[in-house]
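Structure first, then comments.
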Amino acid sequence: MTEEEKEEVALRRKYELLEDLPGIGPATAQKLKEMGFHTVESLAMATARELDPAGIGEKKAFAIIEAARSSISVSFVRADELLRMRQSVLRLTSGSKALDGMIDGGLETQTITEFYGEYGTGKSQLCHQLCVNVQLPPERGGLNSAALYVDTENTFRTERIVQMSRHFGLNPEEVVKNIIYAEAYTSDHQMFLLDNADEVIKANNIRLIIVDSLTAHFRSEYIGREMLAPRQQKLNKHMHKLIRLARAFNAVAVVTNQVMAKPDVFFGDAVHPIGGHVVGHTSHTRVYLRRAAHGPVRIARLVSSPYLPEGEEIFKVTENGIEDVSEDEKPRSRGR
Ligand SMILES: Nc1ncnc2c1ncn2[C@@H]1O[C@H](COP(=O)(O)OP(=O)(O)O)[C@@H](O)[C@H]1O
Ligand SMILES: [Mg+2]
């Protein structure tokens, strides 16, 4: 099977229309459409709470969402084919051995890694570092390849790349040549850039695709309850485009994401990432970043991974880039 055919199989669905889903009559279908859920895909990414206004009750909402989810993931691949795909997965170093260890030896190709956290926690710094690291040979944790940087907040700085390159003894002029940069002005523009990225990726031997930040434009453009469903649909489409690129080119895909306060949480983490189920289910590896009191130290927590246990490690952001924290620098207590 070609990549194209594989995609076709993955897209083949059991239920074509909302009305085909068990438990949805014409009246409910109509209501859901008025709420912005026109497709089985969008329902699959909904939460039971989002379906509240349809007046179908939580239990039924869960059942419908489950049916929609199972419907869009009906695809069959032989396990040896899966194994073959897994065997071609490559690893890219983050710059910190501790962080790499937490995620089983570095960021993997063919899947999406998400870094989320508050402002200033090092998400963009990590992205910069990865752009340099991907150019290193495999024995130094790199992929001998180039990077694509989609920047939505205008925070990419060539000066940082130069500093990081010098620290590695690389020629900064060469390193910056291997980073293809695009600023996205709106969420639609951001989507357009990825939708048209395959040629650039191929022509430049790109093995690292960064979207920094994934959610900022979506968050500022789609405001209010009634915009939630269309926003999630677009984000879903965008993330799936990213997964397809990562698979097709055996590339590492990285997205960054902000957090929102959880108003109803008194213990534990009072924040959660933007993007709800869409981002949660399509990011294969999610890493939550936060500051350790003051200074350059950051705490990374592996929040979800398909096959790794949760874990926590620390690293630091310095002029050199992303680095490990030495024993005597380690903070005694970890702040939130
Ligand atoms: N040249 C530098 N030297 C040392 N630390 C830096 C440098 N540039 C950025 N930083 C650190 O990185 C932080 C910004 O991180 P950034 O990745 O931009 O955050 P965000 O998570 O919002 O993307 C700064 O607050 C600073 O601590
Ligand atoms: Mg940033």
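Residues that are in contact (Cβ under 8 Å) with a residue 24 or more places away in the chain and touching a Leu at 6+ places or on another chain (Cβ under 9 Å): find the helices (runs of 4 or more DSSP H) completely inside the stretch 110-204 holding 3 or more of those.
123-133, 187-195, 198-203
For the stretch 175-223: of the residues being surrounded by fewer than 17 Cβ atoms within 10 Å (Cβ to Cβ) and among the hydroxyl-bearing types (Ser, Thr, Tyr), which is farthest from Val259 (Cα to Cα)?
Going through the qualifying residues, I end up with Tyr181.
Grab the helices (runs of 4 or more DSSP H) fully contained in the stretch 1-47, keeping just those with 1 or more residues being more than 26 Å from Gly275 (Cβ to Cβ) and modelled with pLDDT under 85.
3-11
Taking Phe218 as the residue in question, decide whether it is of a type in the set (Phe, Trp, Tyr), within 16 Å of ligand 2 (Cβ to nearest atom) and not assigned by TED's automatic domain parsing to the domain that holds Pro53.
yes
The values are calculated or read from the model by the stated rules, or taken from the named source; none is laboratory data. Worth saying up front: this structure is predicted, and the values here are computed from it rather than measured. In this analysis, Cβ positions are derived from the backbone assuming ideal geometry, glycine residues included, and neighbour counts consider all displayed protein chains.
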